[in-house]
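Asks: Before anything else, here's the structure in question.
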Amino acid sequence: MADPRVEKLARLLVDYSLAVRPGEKVLIRGNSSSLPLVAATSRSVLAAGGHPFLLWEEEVFAEYLLREGSDEQIQFLHEPHLLLYESYDCLMSLAASENTRTLSGVDPARQRLLLQARSPLTETYLRRSAAGTLRWIVSRFPTPAYAQDADMSLRDYEDFVYQACRVDRDDPVAEWRAFEERQARLVATLAGRDRVEVRGPNAELTFSIAGRTFRNSCGHRNMPDGEIFTGPVESSMNGWIRFTYPAIYQGREVEGIELRFVDGQVVEATAAKNGAYLEEILATDAGARFVGEFAIGTNEGIQRFTRSILFDEKIGGTIHLALGASYPETGGQNRSAVHWDMICDMQDGGQIFVDGERFYDSGRFLVDGPSGDPPSRHGN
């Protein structure tokens with residue numbers, strides 16, 4: 001029997017996240033593991049009067065390319081792929097995995113080649129997104145592989161996913177619109193500010209947000225969602241941070257990352273596990289050593305680490321930095337083939353000061369925001 005929450009999620013993605021209009025072209029990226037959600041979403045696009053086009057991306061195809069392809073083949077960018085990113089109105093990525101470690105045995109240097117080759121796609125959707133000519137959303141269909149990564153049964157993981165997306169509620173669209181309004185108040189308090197200080201047992205950072213914009217991430221780009229984010233002034237970050245959760249990128253898990261910044265650039269990077277891979281990614285290009293994003297997680301419906309960045313970066317009571325590419329709509333100017341989010345718990349006395357005023361303390365905003373209740377403790 002089909003899970004009715006899948007249909008509700010599909011309608012939420014089409015009607016709220018993307019707000020598909022009649023005649024619009026919608027690119028849907030999916031694979032056989034996400035087929036139930038792809039099918040439901042395609043029908044919802046049709047119901048909205050749009051034109052769905054499916055781009056099939058099986059995990060095994062990337063593995064074949066990286067293991068068996070030549071450097072020239074890995075770096076080849078197919079013209080239709082770029083054309084889709086250049087010309088479609090909406091881009092929907094519906095991820096699902098049968099094995100989240102499929103690429104863990106691939107040479108990182110070959111993965112770096114692929115990242116560099118695909119950078120025109122990333123640059124295109126970031127540019128068009130900032131210009132308002134492309135709307136995009138990323139979501140995920142629950143699979144046994146994701147459930148295992150989260151140390152949960154599939155049934156419990158499905159409940160977790162649909163609760164985080166609020167499709168277990170009677171009116172998910174109304175829920176997300178209310179969430180959007182509450183976060184708008186947080187963003188408004190940060191407009192026109194300059195100096196940010198992050199203090200606590202895991203970080204001592206200072207950076208500038210002068211001329212930059214905080215964005216209200218409330219279900220229009222990620223589902224589930226729940227963060228406010230900006231792009232720090234590129235040369236401004238100084239200090240150090242220890243990321244309390246494993247950082248996962250391209251199927252590899254790096255634990256115990258500590259970074260030290262001088263004038264915006266990572267000058268020292270260590271890790272308790274897979275440090276060589278961390279250095280490999282930092283060497284991808286010049287922008288990979290700079291921070292493209294600073295964000296605060298706000299989704300209190302996500303209360304545990306799952307090894308999935310789509311969920312984990314939204315954990316209430318955390319912050320995250322992303323090394324690499326900025327989102328241009330924040331005013332960020334960093335360019336890179338990399339965008340690697342790394343998460344730090346703030347509930348153990350972490351504080352954020354903005355222009356000398358305390359804005360956030362131990363996982364709680366000191367202004368009105370998504371929740372009036374203190375965040376609960378999150379398990380690892």
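The values are calculated or read from the model by the stated rules, or taken from the named source; none is laboratory data. Owing to the predicted nature of the structure, the values given are computational and were not obtained by experimental measurement. Here Cβ is always computed from backbone atoms with ideal geometry, including for glycine, and neighbour counts include all displayed protein chains. Side chains included, ligands, DNA and RNA excluded: accessible areas come from the protein's heavy atoms. Shrake-Rupley method; radii C 1.70, N 1.55, O 1.52, S 1.80 Å.
Asks: Look at segment 114-172 and say how many of its residues are of a type in the set (D, E, K, R) and in contact (Cβ under 8 Å) with a residue 60 or more places away in the chain.
Replies: Of the residues in that region, 9 qualify.
Asks: Can I ask one more? In segment 1-36, what residues are of a type in the set (Ser, Thr, Tyr), within 22 Å of the chain's Cα centre (by Cα) and over 10 Å from residue 92 (Cβ atoms)?
Replies: Passing the criteria: 16, 33, 34.
Asks: Let me ask something additional. With the condition kept exactly as written, say whether any residue in segment 198-208 is buried (at least 19 other Cβ atoms within 10 Å of the Cβ), among the β-branched types (Val, Ile, Thr), touching a residue at least 60 places away in the same chain (Cβ under 8 Å) and under 15 Å from residue 330 (Cβ atoms).
Replies: no
Asks: Out of 288, 337, report the one residue that is of a type in the set (A, V, I, L, M) and part of a loop (DSSP other than H, G, I, E, B). I'd like the intermediate steps shown before the answer.
Replies: Values: 288 fails: part of a loop (DSSP other than H, G, I, E, B).
One residue alone meets the criteria, 337.
Asks: Counting only residues that are surrounded by fewer than 17 Cβ atoms within 10 Å (Cβ to Cβ) and part of a helix (DSSP H, G or I), how many does segment 1-23 have? Even if it seems obvious, please write down each step before you answer.
Replies: From segment 1-23, those surrounded by fewer than 17 Cβ atoms within 10 Å (Cβ to Cβ) are 1-4, 15, 19, 21-23; that's our starting set.
Adding the requirement that they be part of a helix (DSSP H, G or I) leaves 4, 15.
Qualifying residue count, segment 1-23: 2.
Listed here are the residues, each with its yes/no results for (1) touching a residue at least 24 places away in the same chain (Cβ under 8 Å); (2) farther than 21 Å from residue 308 by Cα; (3) out of contact with any His (no Cβ under 9 Å at 6 or more places or on another chain).
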{"position": "226", "(1), (2), (3)": "yes, no, yes"}
{"position": "229", "(1), (2), (3)": "yes, no, no"}
{"position": "239", "(1), (2), (3)": "yes, yes, yes"}
{"position": "243", "(1), (2), (3)": "yes, no, no"}
{"position": "246", "(1), (2), (3)": "yes, no, yes"}
{"position": "257", "(1), (2), (3)": "yes, no, yes"}
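Asks: Hey, another quick one. Can you name the residue in segment 161-197 that is small (Gly, Ala, Ser) and over 16 Å from residue 221 (Cβ atoms) and is also surrounded by the fewest Cβ atoms within 10 Å (Cβ to Cβ) among such residues?
Replies: 191
Asks: Need the failing condition index for residue 218 against (1) touching a residue at least 60 places away in the same chain (Cβ under 8 Å); (2) buried (at least 24 other Cβ atoms within 10 Å of the Cβ), just the number.
Replies: (1)
Asks: Of all residues in segment 255-285 being in a loop (DSSP other than H, G, I, E, B) and among the acidic types (Asp, Glu), which is surrounded by the most Cβ atoms within 10 Å (Cβ to Cβ)?
Replies: Out of the qualifying residues, it is 285.
Asks: Something else: Pairs under 6 Å by beta carbon, first residue within 14 Å of residue 53 (Cα to Cα) in segment 73-96, partner open to solvent by 30 Å² or more (accessible area, probe 1.4 Å), six or more apart or different chains?
Replies: Correct list of pairs: 85/125; 88/25; 89/25; 90/135; 93/29; 93/138.
Asks: Count, please, the residues in segment 247-276 that happen to be at pLDDT 95 or above, touching a helix residue (DSSP H, G or I) at 6+ places or on another chain (Cβ under 7 Å) and under 30 Å from residue 60 (Cβ atoms).
Replies: The number of residues fulfilling the criteria is 3.
Asks: Restricting attention to segment 227-251, which residues are open to solvent by less than 30 Å² (accessible area, probe 1.4 Å) and not hydroxyl-bearing (Ser, Thr, Tyr)?
Replies: Of everything in segment 227-251, those that are open to solvent by less than 30 Å² (accessible area, probe 1.4 Å) and not hydroxyl-bearing (Ser, Thr, Tyr) turn out to be 227, 228, 229, 231, 232, 237, 239, 241, 243, 246, 247, 251.
Asks: Could you say which residue among 242, 212 is over 23 Å from residue 362 (Cα atoms) and under 20 Å from the mean Cα position of the chain (by Cα)?
Replies: Just one listed residue meets the conditions, 212.
Asks: Still on this model: Within the set of pairs 6+ apart or on separate chains, which have a first residue in segment 332-359 that is under 21 Å from residue 231 (Cβ atoms) and acidic (Asp, Glu), a second that is part of a strand (DSSP E or B) and open to solvent by less than 10 Å² (accessible area, probe 1.4 Å), and C-beta atoms under 6 Å apart?
Replies: As it stands, the answer is 341/320; 341/322, since those pairs meet every condition given.
Asks: Would you check which residues across segment 311-334 are more than 30 Å from residue 158 (Cα to Cα) and assigned to a loop (DSSP other than H, G, I, E, B) and list them?
Replies: Hits for segment 311-334 are 325, 326, 327, 331, 332, 333, 334.
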